[in-house]
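First comes the structure, then the notes that go with it.
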Amino acid sequence: MAERSFAKEVQQLKIGAGEEFRGEGILAITKALLQCGVGYVAGYQGAPISHLMDVLTDAEDIMEELGVHLEASASEAAAGATLAASVHYPIRGAVAWKSTVGTNVASDAIANLASGGVLGGALIIVGEDYGEGSSIMQERSHSFAMKSQVWLLDPRPSLPSIVKAVSDGFELSEATNTPVMLEVRIRSCHVHGRFIAKDNQRPKMTMAEALENPQRDTNRIVLPPASFGHEQEKVKVRWPAAIEFIKSRKLNEHFGPADGKVGIICQGGMYNGVMRALQRLGLADLYGESRVPIYCLNVTYPLIRDEIVEFCAGKDAVMVVEEGQPDHIEQAIGDMLYKAGGTARLTGKGFLPMAGEYTGPVMLAGLTDFLRTYQPDLLPDRERAPNDPDEKIALPDLGGKVPMRPPGFCTGCPERPIFAAMKLVEKKLGVHHIAADIGCHLFSIMPPFNLGATTMGYGLGPASASAFNVAAKKRPIAVMGDGGFWHNGLTSGVGNAVFNEQDGVILIVDNYYSAATGGQDILSSRADNARRSTQHPITRAVEGLGATWVRQIDRTYDVGKMRDTLTEALTTEHKGPKVIVASSECMLNKQRRVKPQMAAAVKAGKRVVKPRFGVDEDVCTGDHACIRLSGCPSLSVKKLDDPLRDDPVAAIDTSCVGCGNCGEVAEAAVLCPSFYQADVVFNPRPAETRRASWRAGIIGWLQRRRDRGRLTFAS
Amino acid sequence: MNVHSAMPSPSGADGGGIIKLAILAVGGQGGGVVTSWIVDLAEQAGYYAQSTSVPGVAQRTGATIYYVEMLPATDRTPILSLMPAAGDVDIVLAAELMEAGRAIQRGFVTPDRTTLITSSHRAFAVSEKAAPGSGILETAPILDAARQAAARFLAADLDTLAVQNGSVISASLFGALAGSEALPFPREAFEATIRRGGKGIAASLRAFAAGYEAVRADAAVPAPAPVAAEPGRIVDGPPAQRQAFGALVKRIEALPSPAQEMARRGLQKVVDYQDVRYGGEYLDRVAAVAALDDGSGTLAEAAAKYIANAMAYDDVIRVADLKTRARRTERVRREVGVREGEILTVTEYMHPRGEEICGLMPARLGAYVERRPKLFGIVDRLVNRGHRVRTDRLRGFAMLYVLAALRPARRRLLRHRVEVAHLEAWLGHVHRLAPTEPALAAEVLKCRRLVKGYSDTHARGEAKFDKVLSALPLLEGRPDGADWLRRLREAALVDEMGSALDGALKTVASLDAPPLKERTA
């Protein structure tokens, strides 16, 4: 079960023609897919696409009613390959993933798919994880579209445009026998807006119908000589068809006056940013009326030569607003204009930065500079003389006064004790080379743990330690999560290590979910899932591959055991990979699951024990060694109201979920006796209550007896 | 930082009327809930609203930002921005004080238009918590900046208000937004939105009301930290001890006045730690150092503070004593929030080592065992593991109660001998230096701050203490000696392994030879 439930929201997917839909971008995309008569959908979670997968999963009943098949793919490669169903059958299919990382993984399938081409519309929805909030390397999906000759849609970031792009995408795909990529940026995925819905359509052919009437066409299979034919077909048939379709359907839009001294060519995704900058310069209104001509590329690949040359004709200068690098679009436009003998000055990167997100201030500065250079009379007076010091107000400089707040492990996270244990091992056996991986466990690289040297891709942790398979006094440690393990770590990590007799340690962090992407179920999830097969232990898979030194730890919070197992793995004589599977449920998901159950049980009068931890403030000496082995949000510090104490003491706040890490760490690391665990027993049994009050009576008597013999001070 | 303050407030051709609202929160604080409430509120009031956020793993417990734009709906679809821009935000909601600072840093708060509403509570970042000393950043610069940068600045401890009302900060933050009247919607509309949400409505409404009132009651600044309680007030005790304690308190009046307050606290601490006689010993030691004070009181005050801390060293008896007190039982019940009909069980996490057990032995016996590795090994193996003691049960409580009963015998135990020797050596430096270099002597006193914790932590602290004082021969006689010692101490508190300290020590070692004594005199 995913971290966020869309059970309520998905009801909107049923609305019919003329009704208004309100909600997030991802939900709108799902609705659009159903309106287009999609036959199957597949994908792999990962922000900003995670919620799309969650929505689809929560909407599975609705989709089933319509005859739409949903596949929660094992990886983006698996999802990409799913589109093979559209090669020979006139069935529309859509897949989704986080890009560019997911596109990297899927690119083998996409390249093959694009070579042979498709009969049914094939839509690849990529969540472009670029700019603020992104968790991956900063690259562009654009390059993938170019190299495989896949058309790329980049609609304006408003729900009507995105919904239209889905439908345009399917039609374009079918008209050109080419897969189409639909790029949505992080914020478009999560933008709340509205659009007028259409009726949902059943697919023209269901998957069952296709399966029962198999088709094949050797010409569509990527093998010589067909593969050579495919390349020719791409440029001679599909490309011209795409140009024709995009032109005739007017997929790209023109805003503002027909002519002008200057013009702007922007990616659809940049449109709102451009308009806001123009609004702030007084050159546009809120509803899209612009005083500067804008050519908006809802299709960013291929570009339409005629439209671009025509737009630039007669203009002094044209600015391309294209986020990210390389500047594929600007280069292509430059090539087109040069060959067409264009005279407009082409600019873009230069006024705008080559790399990085085009935020409000960046866009405003870039457009202002462009206009100041080429048409200053458009600008308001103050912008023509921008360096007047009176125009600016100096604000206090808070540099170094606001702490960095990078992401980290949640309160009660079961991965925290694993790294606390690793820290303790480091103290005994020295610093080791640690290959990290993608997943929440990658937070180990940040304070307070500072563990992990590289991350090479989802599930590639162990593979990225391969070169260290040499005789040495230390062994490499590779970490990967259960998500990464099933994504590809099973083969590229463990299989690879067994085959090559790698002598390192492989630590698999099993938290019952693909937790970092939002808590989706995977093969080893412990939950009963009505629609998927779960509860396949990782250890069995690992042993099946031939690993012989395998340890399962069922409670990661047992820091002592964790430490000892790691120590054993690093020191044993055993040859070959040492695999440790450390399992405990993701606390975020556990709390979401357990909290309502507990509340209901308490209400129903059942006996419930709720643990939490505390710190005795007069025992704590304020060294914070415990925090350096934790970093838990609920374990904080507080300044005591006592001038004798220089340093703040540790304190645990009410958000503590009683995971036990604090106590275990204090015990294993021999820290200090200031931690205590306080369990509240709700609805205790009568005998229990009697015993407790009898004990409290005796303890109270002993306490009073001692206090009578000494001075007691006001606290 | 400079911002374009004169940027058109939503002017443009006819761009007026958009309200731009940014919410800065820490992942897990419920910024998404507030955002969806605001959208619902606006849409119910006939507005067109657009919100965006950046969910994903990148925000787990980290700083996050949500953004809403709204304007009265018409038959045309407005084109709105998907992210806030510096100098172009009307309302900033910050769910934590430093996040308000971040909003200011990013230029979202400008004096021409921004209403800044923040919770004044602090949720410390890992970097602030992990320092061996105090890494907590100051709130004053943030509050000052907020007052300067915002057109209106409203702050209240919205987190505490939410917790007090059994809810979470999203509700009290939403209440504060309503109370600010920065949005053109009445209170009832806000409350209706919460009711439509459907979960924990009653508690949310209570927290909402508290937030609403809080920003209206005090539209200025959060209250300063409470003033420290008056020390030395005896609640109870045997008359003879009370009398003797009274006599000790009188002796404090002979100390330089800046040191008196600290001495009263120190006295209370050591008497509470051991007994009234120990208080007398404490005052003897403080008075001996205070006699060398140059009149400023600096040395005397440092003595009053650090001698008390040194004499109230942390040992097994102290821990057992603190954990078996009636007041501690009350405090735990209060913090955990145990209610009528519920039972509290308390488990202590302890990990004694052989050293602690030897420390509990009579001095000669303890030293004997410690000198014999085999014997010590046996003792260590017997105890050196994690012990979980249930102090709500009689057996666990009795064990600690009996250990605490060793208090009267403490002076005869090995640990006490060791501590006293350490204390005397340290005070020896102070007495030697005070007549000629009082500032350096005061700094030596303050180095006691480095010795803290238990077991390994204590050993590491003591090692750092020794390391810092090892620089004394190089620093004595230097006019900037006190300054250097302070720097060394501060370096020692920066990181656990003492790498900053090692660096600082190298610098000290490379200082020029001390100048002639005459120049410092």
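Every number here is computed from the coordinates shown, using simple stated rules; none is lab data. The model shown is predicted, which means the values in this text are computed figures rather than measured ones. Using ideal geometry, Cβ is built from the backbone for each residue, glycine included, and neighbour counts are taken over all protein chains shown.
Set against the 2.2 N^0.38 Å expectation for a compact globular protein, region B:16-144 has a Cα radius of gyration ratio of 1.15. With viscosity set to 1.567 mPa s and temperature to 4 °C, compute the Stokes-Einstein D of region B:251-394, Rh being the Kirkwood radius across alpha carbon pairs; µm²/s, no decimals. The diffusion coefficient I find is 71 µm²/s.
Name the lysines eligible as straight-distance cross-link partners of A:LYS473: C-alpha to C-alpha under 21 Å, and not fewer than 8 places from it in the same chain. Partners found: A:LYS423, A:LYS427, A:LYS428, A:LYS575, A:LYS578. Just check chain A against the gyration tensor rule for me: Cα atoms, a ≥ b ≥ c as the square roots of the eigenvalues, rounded for a/c under 1.5, and otherwise prolate or oblate depending on whether a/b exceeds b/c. Prolate is the answer for chain A, as a/c is 1.5 or above and a/b outweighs b/c. Apply the Kirkwood formula to chain B: the hydrodynamic radius equals the inverse of the mean of 1/r over all pairs of different alpha-carbon atoms; give it in Å with one decimal. Result for chain B stands at 27.7 Å. Partner shielding of A:660-670 amounts to 4, given as the average count of beta-carbon atoms from other chains within 10 Å of each residue beta-carbon. The Stokes-Einstein estimate for region A:16-248, based on a Kirkwood radius over Cα pairs and taken at 20 °C with 1.002 mPa s viscosity, is a diffusion coefficient of 123 µm²/s. What GluC sites (Glu not before Pro) does region A:533-626 have in DSSP loop regions with at most 15 other beta carbons within 10 Å? Qualifying residues, ordered by number: A:GLU573.
Residues A:LYS423, A:LYS595, ranked from the fewest to the most other C-beta atoms within 10 Å, line up as A:LYS595, A:LYS423.
Which angle between 0 and 90 degrees, to the nearest 10, do you get for helix B:414-433 versus the longest principal axis of chain B when only C-alpha atoms count? For B:414-433 against chain B, the angle is about 90 degrees.
Of all aspartates and glutamates in the structure, the ones whose alpha carbon falls short of 13 Å from that of A:LYS561, not counting any fewer than 8 places away in one chain, are A:GLU664, A:GLU667.
With a Cα cut-off of under 27 Å and a minimum spacing of 8 residues unless on different chains, the lysine pairs in region A:16-248 number 21.
Both the radius of gyration and Dmax for region A:39-156 are 13.8, 41 Å, in that order, over alpha-carbon atoms.
The alpha carbon centroids of region B:458-497 and region A:474-528 are separated by 46 Å. Arrange the following residues from fewest to most other Cβ atoms within 10 Å of their Cβ: B:LEU93, B:LEU445. Listed from fewest to most nearby Cβ atoms, that is B:LEU445, B:LEU93.
Rg ratio for the protein assembly as shown: its Cα radius of gyration over 2.2 N^0.38 Å, N being its residue count, equals 1.04.
Anisotropy class assigned to region A:607-708 is oblate, per the alpha carbon gyration tensor with a/c at or over the 1.5 cut-off and a/b no larger than b/c. For chain B, the longest principal axis of the Cα atoms and the long axis of helix B:239-252 meet at an angle of about 80 degrees. A simple spin-label model places the labels of B:GLN44 and A:ASP528 3.9 nm from each other, with each point 7 Å out along Cα-to-Cβ.
Once the Cα atoms are used to define both axes, helix B:481-492 deviates from the longest principal axis of chain B by about 60 degrees. For chain B, the longest piece that avoids every one of the trypsin sites (Lys or Arg not before Pro) found in DSSP loops with at most 15 other C-beta atoms within 10 Å covers B:386-521.
Antiparallel beta bridges, as assigned by DSSP with both residues in the protein assembly as shown, represent about 45 percent of the total such bridges.
Average projection, convex hull of the Cα set of region A:253-386: 7.3 square nanometres. Which residue, chosen from A:ASN511, A:PRO643, A:VAL615, occupies the Cα position most advanced towards the positive end of the dipole of region A:506-653, where the dipole is computed from +1 (Lys, Arg) and -1 (Asp, Glu) charges on Cβ about the Cα centre? So the residue furthest toward the plus end is A:ASN511.
Here the Kirkwood formula, the inverse mean of 1/r across different C-alpha pairs, assigns region A:104-191 a hydrodynamic radius of 13.4 Å.
Take the alpha carbon gyration tensor of region A:662-715, find the square roots of its eigenvalues, order them as a ≥ b ≥ c, and report rounded if a/c is under 1.5; if not, report prolate when a/b exceeds b/c, else oblate. Oblate shape, in that a/c is at least 1.5 and b/c is the bigger or equal ratio. The ranking of A:PHE443, A:PHE245 from fewest to most other beta carbons within 10 Å of each one's beta carbon is A:PHE245, A:PHE443. Computed from the Cβ-Cβ distance with R0 of 60 Å, the FRET efficiency linking B:ARG411 to A:MET456 stands at 0.45.
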